[in-house]
Amino acid sequence: MLEQRGFSTVAIASVRAQAEKTRPPRALWTTSQLGRPLGEPGDAVFQRRVLMTALGLLERSDGPVILEDLIEDPPGWQDTPGWRAPKLVQISDPLGTPDAWAAAFGAELSALLPLWRIGPARYGRTTVGLSFQAPAAWPSFATRFLAGELPVVPELATPALAMRMLCDDIKALYGEAAQADGPAPSAHQIDEWFWRQTLAGRLLIELRAAAMASENNALKTVGGRFFVPAYWLP
């Protein structure tokens, strides 16, 4: 409708299959992470390159649908030399009960908190806080879902929303801790560390499985879509 009224449009797509299905007049697909269609925060050179490539589609007249790929991977997929992942406490398996998960996650989280607190001083901000819970409350709250409960917090109306925000907070805290000291890691390095080496990553995968098996349809939907990126599923 915008195009019919004389407004030329161009989209920057993070999921190519979605762009192929919706068929906007012009779309540029990038391989950046979801939520980062222009690449990494602070990388003005690459961000400008994406924008100029997208705007360049406006000069073409071979539509009505133009779908193009940005052939260059964002710097976030290239490992940063010299970065070292934060040290984690050693967790002994098995983790067969919610109480065991809570204790193990609590130990890992507590050891990581001093490093995470350096981050806001370095970057002047934090994105942790969506769950309306202090980190000390996370282990117990998260593992109550593994026990079959559906807890909520007053600020968030449903168990599904409470769990989604908690999972986002967990991922944010670990990501900020990974960037708190030393050279900044790439997005891929952070994800590789979180999903393959931390107990928190394992817990989120476990929570997703519990959500998918739940009779609560909202929790099932949220768990399937938002807890764990498809790329990092077992």
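The values are calculated or read from the model by the stated rules, or taken from the named source; none is laboratory data. Keep in mind that what you see is a predicted model, and the values were worked out from it rather than measured. A quick note on method: Cβ atoms are made from the backbone with ideal geometry, for glycine too, and the neighbour counts reach across all protein chains shown.
Looking at (1) in contact with a helix residue (DSSP H, G or I) (Cβ under 8 Å, 6 or more places away or on another chain); (2) over 20 Å from residue 192 (Cα atoms); (3) part of a helix (DSSP H, G or I), which one does residue 115 not meet, given that it meets all the others?
(2) is the only condition that residue 115 fails.
If you go through segment 51-92 one residue at a time, how many are within 30 Å of residue 116 (Cβ to Cβ) and surrounded by 11 or more Cβ atoms within 10 Å (Cβ to Cβ)? Full working, then the answer.
Applying the first criterion (within 30 Å of residue 116 (Cβ to Cβ)) to segment 51-92 yields 73-92.
With the extra rule that they be surrounded by 11 or more Cβ atoms within 10 Å (Cβ to Cβ), the set shrinks to 73-80, 83-86, 88-89, 91.
Total satisfying the criteria: 15.
Within segment 169-202, which residues are among the acidic types (Asp, Glu) and closer than 20 Å to residue 124 by Cβ?
169, 176, 181, listed by residue number.
Out of curiosity, is residue 202 surrounded by fewer than 18 Cβ atoms within 10 Å (Cβ to Cβ) and closer than 27 Å to residue 81 by Cα? Even if it seems obvious, please write down each step before you answer.
Numbers: surrounded by fewer than 18 Cβ atoms within 10 Å (Cβ to Cβ): no; closer than 27 Å to residue 81 by Cα: yes.
Spelling it out, it is not the case that residue 202 is surrounded by fewer than 18 Cβ atoms within 10 Å (Cβ to Cβ) and closer than 27 Å to residue 81 by Cα.
Out of all the residues in segment 47-102, which are without any contact (Cβ under 8 Å) to a residue 24 or more places away in the chain, part of a helix (DSSP H, G or I), over 24 Å from the mean Cα position of the chain (by Cα) and farther than 30 Å from residue 146 by Cα?
Of everything in segment 47-102, those that are without any contact (Cβ under 8 Å) to a residue 24 or more places away in the chain, part of a helix (DSSP H, G or I), over 24 Å from the mean Cα position of the chain (by Cα) and farther than 30 Å from residue 146 by Cα turn out to be 52, 56, 59.
From the list 121, 142, exactly one residue is over 20 Å from residue 228 (Cβ atoms), of a type in the set (Gly, Ala, Ser) and in a helix (DSSP H, G or I). Which is it? Before the answer, list the steps.
Details: 142 fails: over 20 Å from residue 228 (Cβ atoms).
On inspection, the qualifying residue turns out to be 121.
Looking at this structure, is residue 39 closer than 23 Å to residue 187 by Cα, in contact with a helix residue (DSSP H, G or I) (Cβ under 9 Å, 6 or more places away or on another chain) and of a type outside the set (Ser, Thr, Tyr)?
yes
Taking residue 130, is it in contact (Cβ under 8 Å) with a residue 24 or more places away in the chain, in contact with a helix residue (DSSP H, G or I) (Cβ under 7 Å, 6 or more places away or on another chain) and crowded, with 16+ Cβ neighbours inside 10 Å? Explain how you work it out, then say what you get.
Working: in contact (Cβ under 8 Å) with a residue 24 or more places away in the chain: yes; in contact with a helix residue (DSSP H, G or I) (Cβ under 7 Å, 6 or more places away or on another chain): yes; crowded, with 16+ Cβ neighbours inside 10 Å: yes.
The answer is yes for residue 130.
Please go through segment 183-229 and pick out each residue that is β-branched (Val, Ile, Thr), assigned to a helix (DSSP H, G or I), at pLDDT 95 or above and within 21 Å of residue 173 (Cβ to Cβ). Show your work before the answer.
Of segment 183-229, the ones β-branched (Val, Ile, Thr) are 190, 198, 205, 221-222, 228.
The next check asks that each one be assigned to a helix (DSSP H, G or I); those that pass are 190, 205, 221-222.
Add one more test, that the residue is at pLDDT 95 or above, and what stays is 205, 221-222.
If the condition is that a residue be β-branched (Val, Ile, Thr), assigned to a helix (DSSP H, G or I), at pLDDT 95 or above and within 21 Å of residue 173 (Cβ to Cβ), then 205, 222 are the ones that fit.
Of the conditions (1) in contact (Cβ under 8 Å) with a residue 60 or more places away in the chain; (2) closer than 27 Å to residue 82 by Cα, residue 142 clears all except one; give me its number.
(2)
To keep it simple, each residue is scored yes or no on (1) among the small types (Gly, Ala, Ser); (2) at pLDDT 90 or above; (3) farther than 30 Å from residue 156 by Cα.
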site	(1), (2), (3)
41	no, no, no
64	no, no, yes
97	no, yes, no
119	yes, no, no
131	yes, yes, no
